[in-house]
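Colleague: First the structure, then my questions, so here it is.
The values are calculated or read from the model by the stated rules, or taken from the named source; none is laboratory data. Source: prediction; values computed, not measured. When we count neighbours, we look across all protein chains shown, and the Cβ atoms used for this are built from the backbone with ideal geometry, even at glycine.
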Amino acid sequence: MSKPVSAIKVRPEAAGFTPYSPGLSIDEIKQRHGLAKVVKLASNENPLGASPVVRDVLERKAALVFRYPQWGYPRLRLAIAESLGVDPLRVVAGNGSDEIIDLLVRILCRPGKDHVLASRPCFSVYGSQARICGVDFRQVDLNPDFSLPLDRLAKAADENTALVFVTSPDNPSGVAARTDELEALARALPPRTLLAVDEAYIHFVDDEQRASLLPRLANLPNVALLRTFSKAYGLAGLRLGLGVLPPELADIALRVQIPFSVNLLAEEAGIAALADDVFFNETIRVTREGRAWLTAELDALGCAPVPSQANFIMFTPPMDARTVFEELLARGIIVRPLTSYGLTDKIRVSVGRMDENRAFAAALREVLGA
Ligand SMILES: *Cc1c(COP(=O)(O)O)cnc(C)c1O
């Protein structure tokens, strides 16, 4: 007997959807290579783990998870607004900043009419959320030095450009845009176009000329900033991100977002994380120190690291990148090959603790026979 085939009709955008391609998990690698210890430097997570203050709050609040959270997470919104010095009416939180990206596409883009513009390569979620909505996704190549093509983005935008995404510092290059140039892009765009600046890695910047657009936001009515608790705040597994939006968009976003996508523990953890300066400052210190050390090591190994303002470094090994990736895996080091970004000769390594950075450099030296 042949199995019945369903006649259920699926939207073509869903049937042909390419899912997010995540880094490999520690358990997968341990199993595959029979390793007891694995160093994961693949997903730009916090090398210090989660803050002890936040862990304590999570334990204390665990008993409350039978309750629904408060609608609209008002305490978290207030804490974010106070921490950033912005009007609470501008603040939206989400299930990771991925949810804010998705919300912006759904709020702003008319399928078949409007389009989203970003660089090539760029963080894949901008394109995937546009495509699942049936919205055209257009890209402008990065400059040869991996800086954002801000002039060419401005030129490529027209009255059907609903949304422009830029990432600064950029993933996977670590290159940050000049703040005044981002501001110039915002002013050059058609008035209807929202410029969403993804500041997932902004906390790691040490070049003042490439800082956040946040202090200039009051004068830029068409700019939104996206940030996340996944990196500098060490909460990737809890899923919490935020957007600082023009107030009228924040109001709509709060109304259309899936109810309770910010869960009760994420709200509590976010509030605690924002108040924990000790953990945050130590994260920034360890990251900047490790970044300088790793950059020098990669340089010495002939790997042409791109100077980074983020918590990861992109480099070009002097032999096949796929082989280097596999050989590092066999030695218990997980890094990120950049095939999914179309950068087949490059690898991205997250900055870890110094013991992890040293283990990575030693393994790479062995692989390269250096
Ligand atoms: C890691 C990252 C994010 C954060 O995603 P979450 O959904 O908040 O975990 C956003 N944008 C970029 C470019 C990133 O690399």
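Colleague: Going by the conditions given, is Gly34 more than 20 Å from the chain's Cα centre (by Cα) and on the phi > 0 side of the Ramachandran plot?
Modeller: yes
Colleague: Give just the number: which of (1) within 23 Å of the chain's Cα centre (by Cα); (2) surrounded by fewer than 11 Cβ atoms within 10 Å (Cβ to Cβ); (3) in contact (Cβ under 8 Å) with a residue 24 or more places away in the chain does Pro22 not satisfy?
Modeller: (3)
Colleague: Can you tell me which residue is nearest to Asp141 (Cα to Cα) among those in the stretch 70-120 that are buried (at least 24 other Cβ atoms within 10 Å of the Cβ) and among the hydroxyl-bearing types (Ser, Thr, Tyr)?
Modeller: The qualifying residue nearest to Asp141 (Cα to Cα) is Ser119.
Colleague: Please work out if Arg227 is in contact with a strand residue (DSSP E or B) (Cβ under 6 Å, 6 or more places away or on another chain), within 16 Å of the ligand (Cβ to nearest atom), among the basic types (Lys, Arg) and under 18 Å from Leu76 (Cβ atoms).
Modeller: Yes: the conditions hold for Arg227.
Colleague: To continue, here is another question. Going by the structure shown, is Val335 more than 26 Å from Val205 (Cα to Cα), in contact with a Leu (Cβ under 9 Å, 6 or more places away or on another chain) and crowded, with 19+ Cβ neighbours inside 10 Å?
Modeller: It is false that Val335 is more than 26 Å from Val205 (Cα to Cα), in contact with a Leu (Cβ under 9 Å, 6 or more places away or on another chain) and crowded, with 19+ Cβ neighbours inside 10 Å.
Colleague: Please go through the stretch 196-219 and pick out each residue that is crowded, with 17+ Cβ neighbours inside 10 Å and more than 15 Å from the ligand (Cβ to nearest atom).
Modeller: Arg210, Ala211, Leu213, Leu214, Leu217, listed by residue number.
Colleague: Residues in the stretch 117-131: is at least one out of contact with any Asp or Glu (no Cβ under 7 Å at 6 or more places or on another chain), more than 16 Å from the ligand (Cβ to nearest atom) and either farther than 25 Å from Pro169 by Cα or part of a loop (DSSP other than H, G, I, E, B) (or both)?
Modeller: There is no residue in the stretch 117-131 that is out of contact with any Asp or Glu (no Cβ under 7 Å at 6 or more places or on another chain), more than 16 Å from the ligand (Cβ to nearest atom) and either farther than 25 Å from Pro169 by Cα or part of a loop (DSSP other than H, G, I, E, B) (or both).
Colleague: Let me ask another. Check Leu238 against each of (1) more than 12 Å from Leu104 (Cβ to Cβ); (2) away from the ligand (no atom under 16 Å from the Cβ); (3) crowded, with 19+ Cβ neighbours inside 10 Å and name the one condition it does not meet.
Modeller: Checking Leu238 against (1) more than 12 Å from Leu104 (Cβ to Cβ); (2) away from the ligand (no atom under 16 Å from the Cβ); (3) crowded, with 19+ Cβ neighbours inside 10 Å, the one that fails is (2).
Colleague: Could you figure out which of (1) more than 16 Å from the ligand (Cβ to nearest atom); (2) at negative phi isn't true of Leu265?
Modeller: (1)
Colleague: How many of the residues in the stretch 146-165 are surrounded by fewer than 23 Cβ atoms within 10 Å (Cβ to Cβ), under 19 Å from Ala310 (Cβ atoms) and in contact (Cβ under 8 Å) with a residue 40 or more places away in the chain?
Modeller: Residues flagged as surrounded by fewer than 23 Cβ atoms within 10 Å (Cβ to Cβ), under 19 Å from Ala310 (Cβ atoms) and in contact (Cβ under 8 Å) with a residue 40 or more places away in the chain within the stretch 146-165 amount to 1.
Colleague: Quick check on my filter: what residues within the stretch 283-305 are touching a Phe, Trp or Tyr at 6+ places or on another chain (Cβ under 9 Å), within 25 Å of Phe229 (Cβ to Cβ) and without any contact (Cβ under 8 Å) to a residue 40 or more places away in the chain?
Modeller: Residues satisfying the conditions do not exist here.
Colleague: I've got another one for you. Select from the stretch 137-147 the residues that are touching a Pro at 6+ places or on another chain (Cβ under 9 Å) and either small (Gly, Ala, Ser) or in a strand (DSSP E or B) (or both) and list them in ascending order.
Modeller: Gln139, Val140, Asp141
Colleague: So which residues in the stretch 301-315 are surrounded by 18 or more Cβ atoms within 10 Å (Cβ to Cβ) and assigned to a loop (DSSP other than H, G, I, E, B)?
Modeller: Selection gives Leu301, Cys303, Pro305, Val306, Ser308, Gln309, Ala310, Asn311.
Colleague: Any chance the stretch 62-81 includes a residue that's part of a strand (DSSP E or B) and either in contact with a Ser or Thr (Cβ under 9 Å, 6 or more places away or on another chain) or over 18 Å from Leu195 (Cβ atoms) (or both)?
Modeller: Looking for residues that are part of a strand (DSSP E or B) and either in contact with a Ser or Thr (Cβ under 9 Å, 6 or more places away or on another chain) or over 18 Å from Leu195 (Cβ atoms) (or both), one finds none in the stretch 62-81, hence no.
Colleague: Name the residues in the stretch 54-95 that are at positive phi and among the hydroxyl-bearing types (Ser, Thr, Tyr), would you?
Modeller: The answer is Tyr73, and nothing else.
Colleague: Name the one entry in Arg322, Arg285 that is surrounded by fewer than 19 Cβ atoms within 10 Å (Cβ to Cβ), over 30 Å from Asp56 (Cβ atoms) and either at pLDDT 95 or above or of a type outside the set (Lys, Arg) (or both). It would help to see each step written out before you state the result.
Modeller: On the way: Arg285 fails: over 30 Å from Asp56 (Cβ atoms).
Result: Arg322 is the single residue among Arg322, Arg285 that is surrounded by fewer than 19 Cβ atoms within 10 Å (Cβ to Cβ), over 30 Å from Asp56 (Cβ atoms) and either at pLDDT 95 or above or of a type outside the set (Lys, Arg) (or both).
Colleague: Of the residues Val65, Val105, Val92, which single one is at pLDDT 95 or above, in contact with a Leu (Cβ under 7 Å, 6 or more places away or on another chain), under 20 Å from Leu264 (Cβ atoms) and within 16 Å of the ligand (Cβ to nearest atom)?
Modeller: Val92
Colleague: Another question about this same structure. Can we say Leu298 is part of a helix (DSSP H, G or I), of a type in the set (A, V, I, L, M) and at pLDDT 95 or above?
Modeller: When the stated conditions are applied, Leu298 passes them.
Colleague: Looking at the stretch 83-110, I want the residues that are closer than 11 Å to Gly243 by Cα and part of a helix (DSSP H, G or I) and have a partner that is away from the ligand (no atom under 16 Å from the Cβ) and at pLDDT below 95 with Cβ atoms under 9 Å, at least 6 apart or on another chain. Which pairs are those?
Modeller: Listed pairs, sorted by first residue: none to list.
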